[in-house]
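Take a look at the following structure, please.
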Amino acid sequence: MVGPDLKAAQQLLQRFITEQKPSSDYATTVVREAGRPEVYIAFENEGDARKFAAAVEAKAIGTHPGWASQRAFELDGARLAELEASLPAPRTRPRRRQMDQSPLGRRISRVPWTPIRRDE
């Protein structure tokens, strides 16, 4: 996977992790220096990492210096479809009705307009 497909895979993995409700922080990034583009995921909590690894059937590989553990798995189109099917539909935000395109116009429309008068 390359380009937008890899970014979509990263976003899907983030949704999957969020659904697992990790107990601490995690981060994802796309790394292109590994010979082929890869999605890296780092967990602050080892238990969260194990839970995710078990869910995607990741296999332990040699540890990278500075990391407690390292696992890898192949993420092909069928695997992505399977992960996506296991997730609820993504939430979408309803669009706000806009009077015009300026942020100022939206702010003014929310409050009553009162002219400012100066005492002479």
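ALA8: touching a helix residue (DSSP H, G or I) at 6+ places or on another chain (Cβ under 9 Å), among the aliphatic types (A, V, I, L, M) and more than 27 Å from ALA89 (Cβ to Cβ), yes or no? First the steps, then the outcome.
Values: touching a helix residue (DSSP H, G or I) at 6+ places or on another chain (Cβ under 9 Å): yes; among the aliphatic types (A, V, I, L, M): yes; more than 27 Å from ALA89 (Cβ to Cβ): no.
Answer is no for this residue.
Right, another one. Of the numbered conditions (1) in a loop (DSSP other than H, G, I, E, B); (2) among the basic types (Lys, Arg); (3) over 17 Å from LYS7 (Cα atoms), ARG50 fails exactly one; give the number of that condition.
If we test ARG50 against (1) in a loop (DSSP other than H, G, I, E, B); (2) among the basic types (Lys, Arg); (3) over 17 Å from LYS7 (Cα atoms), just (1) comes out false.
Can you go through LEU13, LEU75 and tell me which one is of a type in the set (A, V, I, L, M, F, W, C) and at pLDDT below 90?
Values: LEU13 fails: at pLDDT below 90.
Checking each option against the conditions leaves just LEU75.
Okay, moving on. Of these, VAL31, VAL39, which one is surrounded by 12 or more Cβ atoms within 10 Å (Cβ to Cβ), free of Cβ contacts under 8 Å to residues at least 60 places away in the same chain, under 19 Å from GLN11 (Cβ atoms) and of a type outside the set (Asp, Glu)? Write out each step before concluding.
On the way: VAL31 fails: surrounded by 12 or more Cβ atoms within 10 Å (Cβ to Cβ).
It is VAL39.
The values are calculated or read from the model by the stated rules, or taken from the named source; none is laboratory data. As the structure is a computational prediction, the values presented were derived from the model and not from experiment. Every residue, glycine among them, receives a Cβ derived from its backbone with ideal geometry; neighbour counts consider all protein chains shown.
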